[in-house]
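Read the structure below first, then the notes.
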Amino acid sequence: MFGLWEYPCPMCLLQRMFFLLSAVGPAWIVARSRKGGVTTREWASGWGWAVLAALIGSVVSATQVLMHIVPPDPGYAGALFGLHLYTWALIAFLGAAMAAAAALFLTPRAEPLNATAASPLLRKAATVTLAVITVFAASNLVACFLLEGINWQLSGDPTSYRFFTDLGL
């Protein structure tokens with residue numbers, strides 16, 4: 001948790017990357033729909049990508065949950081509403097996989113897949129959605145660089161932003 005000066009471990013960063021990867025497919029669908037019709041193949045590929053990334057991310061999250069499940073292990077970092085962030089990540093990954101799978105099942109109801117005829121408000125929402133995903137990706141890239149610095153390997157239990165430590169700040 002950023003405000004509490006708790007630094008993400010390598011598995012937390014890996015989960016962030018899989019969250020980003022699970023958003024790539026739907027983002028592709030949104031971006032493609034702004035330029036014209038989305039084919040059924042593009043629709044299925046986008047949601048299939050989301051399912052695959054979310055399931056792999058859930059394996060990473062479940063692994064971290066299992067690493068800290070045995071008492072008296074207090075878990076890594078703080079908890080939010082009684083659950084650690086990697087537990088919330090597992091719940092979110094499984095929810096994302098189910099939502100993407102539902103979108104695949106509902107493909108016939110989504111046709112024709114053309115957002116160009118949609119309202120201007122929907123087009124603005126698509127633009128904002130793509131911007132949020134881009135900002136999330138960029139901010140995670142910067143945070144990861146600051147956490148790791150110019151080192152090849154990230155500490156298993158980071159205690160500072162190594163970039164600043166390496167500079168002597």
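The values are calculated or read from the model by the stated rules, or taken from the named source; none is laboratory data. Just so you know, these numbers come straight off a predicted model, no measurement behind them. Cβ atoms come from the backbone with ideal geometry, glycine included; neighbour counts cover every protein chain shown. Keep in mind that these areas ignore ligands, DNA and RNA; they rest on the heavy atoms of the full protein, side chains included. Shrake-Rupley method; radii C 1.70, N 1.55, O 1.52, S 1.80 Å.
At-a-glance table
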read-out	value
Gained length - LEU169 relative to VAL132, 0.36 nm times residue gap less alpha-carbon distance	10.2 nm
Listed candidates (1) 1.22; (2) 1.39; (3) 0.97 - label of the one calculated as Cα Rg over 2.2 N^0.38 Å	(1)
Sorted peptide list for 69-78, 88-97, criterion being average Cβ within 10 angstrom, highest first	88-97, 69-78
Cα-based convex hull, the stretch 71-169, per residue volume (Å³, whole number)	201 Å³
Simple Cβ-charge dipole of the stretch 21-112, Lys/Arg +1 and Asp/Glu -1, about Cα centre, in debye nearest 20	400 debye
Accessible carbon and sulfur surface of the chain relative to its total accessible area, %, 1.4 Å	74 percent
Farthest toward positive dipole pole in the chain [+1 Lys/Arg, -1 Asp/Glu at C-beta], among ASN151, ALA44, PRO120	PRO120
Total formal charge among the other residues, if their Cβ is under 15 angstrom from that of TRP28, Lys/Arg +1 and Asp/Glu -1	+3
Size of electric dipole in the chain: Cβ of Lys, Arg +1 and of Asp, Glu -1, about Cα centre, debye, nearest 20	840 debye
For the chain, built as a Gaussian network whose Cα springs stay under 10 Å, the top-fluctuating residue of MET17, MET98, MET67	MET67
For the stretch 1-74, Kirkwood radius (reciprocal of mean inverse C-alpha pair distance, Å)	14.3 Å
